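Below: the structure, in structure tokens.
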Amino acid sequence: MKTIFRVLVVLVAVASRLAAQDAQRPNILFAFADDWGRYASAYGKLEPGGPNDLVHTPHFDRVAREGVLFRNAFVTAPSCTPCRSSLLSGQYFWRTGRGAILQGAVWDASIPSFPLLLEAEGYHIGYTSKVWTPGSPAHAPFGGPNKYAYKKHGQAFNGFSQRVSSANDIDAGKEHLYAQVRGNFVDFLEANAGENPWCYWFGSTNCHRKWIQGSGKALWGIDPEGLKGKLPPFLPDVPVVREDFADYLGEVQAFDAMLGVLIQQLKEAGALENTIIVVSGDHGFPGMPQGKCNLYDFGVAVPLAVRWPGKVPAGRVLDDFVNLIDLAPTFLEMAGEQPLAVMSGKSLMPILSSDQSGQVDPTRDHVIVGRERHVAKARRRQMPYPQRAIRTKDFLYIRNFKPDRWPMGSGPGMGAADGPMPSYEKLRENTFAAFADLDASPSKAWIIEHREEPEMAKYFQIAFGRRPAEELYDLRKDPHQMTNVATDKAYAETLAELEGRLLGVLRETGDPRVTGDGATYDLPPFADGP
């Protein structure tokens, strides 16, 4: 009897200790928007004079104000599946095999996934909306389709402007969608019967095409004419493009409003102070030249803010270069766990816990980004467009491994089947009509329709033309990456240095484009190989 009593005492003590540990371990709310580039009013205050002057994101700004705002956060790849495979595993996408292939992703069980690692350590995990490719096997990052999904209240918010624009009352239409966000999150919280620490991923796709033309002004009061003179120089500053940009900023504001719903629910649940809030996006502007599917800043730079009361000193802006592969090891360390040795990313906790602003860690002076395949139909035989790049404070160096291919895919007269260019309406609505790695949009259609006008031809070339094997941009003089100086002898030393740094990382991390002949990437997505 005494032995049984001692065992019970020990078990109670262990349970109490574990309960105390769980009470101390933080919750994690990760709000991650599809196709959201670095657009938020917090950035407008840092760098006025651009499109951020017009967008209003009070909830993202709050997270940044009460925590840390990153100036130099970048995705590993400007395409959703390779980006997310990197983020979930904490590795460069070329280390995640077929997990990095859009339209055919398969997650190898040997690839780690931070949500499942957290669950193994006692975390309650779940998500709403986009995290992973539908149809993933049971060992996928969130255990396969729907295993941890919370969506009973609906996910119509993914088509925010479509739904609200069709409502009889705009405000009521918005509230209906906010109620879905709130209801799904409440379900997740209430499912945590053991009161374990939790990790929740909210992944709205409303910033992804397509949204309703004119919705930026109609739903959010963003006047397209306010963007006149504020667009980056690689975009034609014309009414159609300005309106398209304003509509995108409206979707950014919609996502921010949904973030506000989640924060308010945390407050009402009494969980705000013990919850880490991390907010970011998975690549740049869709359907715009140099945006999504490009290694220029417009395609790979993203917003990032982190709030953790008592652990992350507030009110700081950091210049350290951050790749989103750093989030997986960061989440693990935040939960009291050791990041895995296989992870390419490095935990952000040393700079998050610092009380400094600006550049905290001098070794965080660059990021490595890359791209292979986006959509399978962009080129004949499903060929990818392989690129890798290194971005530092002063320079962007890009290596295009197959400069004979078309960066955004082929179109009539550009290696595709003969025939006329599709109509404006088809180009606006159907991504696969031509140049399929650039999403269908009014801007895409306008640029193609006006391609033969002398003053507009340069925009067509920027969007769709072939690129040389090497690109180098001096960001001190050319922040929008318009002038390639790779062949300028004055930059020969810089070019050689950056090429060496880039290839060194690629070799070290086992990138097949450098360690082999790269042929495996040229296989169709459903063939063997990555």
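Each reported figure results from applying straightforward, stated rules to the coordinates on display, with no laboratory input. Keep in mind it's a predicted model, so treat the numbers as computed, not measured. All Cβ positions, glycine included, derive from the backbone under ideal geometry; neighbour counts span all protein chains shown.
Listed values, structure above:
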quantity: Nitroxide proxy distance, nm - points 7 Å out along Cα→Cβ at A167 and E497; calculated: 5.4
quantity: Least to most buried among H176, H124 (fewest other Cβ within 10 Å first); calculated: H176, H124
quantity: ³J(HN,Hα), Karplus 6.51/-1.76/1.60, whole Hz, each residue of segment 170-186, x for Gly, Pro; calculated: 4, 4, 5, x, 5, 4, 4, 6, 4, 5, 5, 4, 5, x, 5, 5, 4
quantity: Estimated FRET transfer efficiency when R0 is 45 angstrom, pair A469-Q356 (beta carbons, to 0.05); calculated: 0.70
quantity: Relative contact order of the chain, defined on C-alpha pairs under 8 angstrom at six or more residues apart (%); calculated: 20
quantity: Footprinting exposure proxy for M408, M343 (fewest neighbouring C-beta atoms within 10 Å first); calculated: M343, M408
quantity: Of (1) 1.03; (2) 1.20; (3) 0.97, the label for Cα Rg over 2.2 N^0.38 Å derived from the coordinates; calculated: (3)
quantity: In degrees, nearest ten, helix 239-268 long axis to first principal axis of the chain (Cα); calculated: 0
quantity: Note, ³J(HN,Hα) from phi for segment 33-41, Karplus 6.51, -1.76, 1.60, rounded to Hz, x at Gly and Pro; calculated: 9, 5, 6, 9, x, 7, 10, 6, 5
quantity: Note, ³J(HN,Hα) from phi for segment 503-515, Karplus 6.51, -1.76, 1.60, rounded to Hz, x at Gly and Pro; calculated: 5, x, 5, 5, 5, 4, 9, x, 6, x, 5, 10, 7
quantity: Net charge dipole size for the chain [Lys, Arg +1 and Asp, Glu -1 on Cβ; Debye, nearest 20]; calculated: 860
quantity: Counting DSSP beta bridges with both ends in the chain, the antiparallel % (nearest 5); calculated: 50
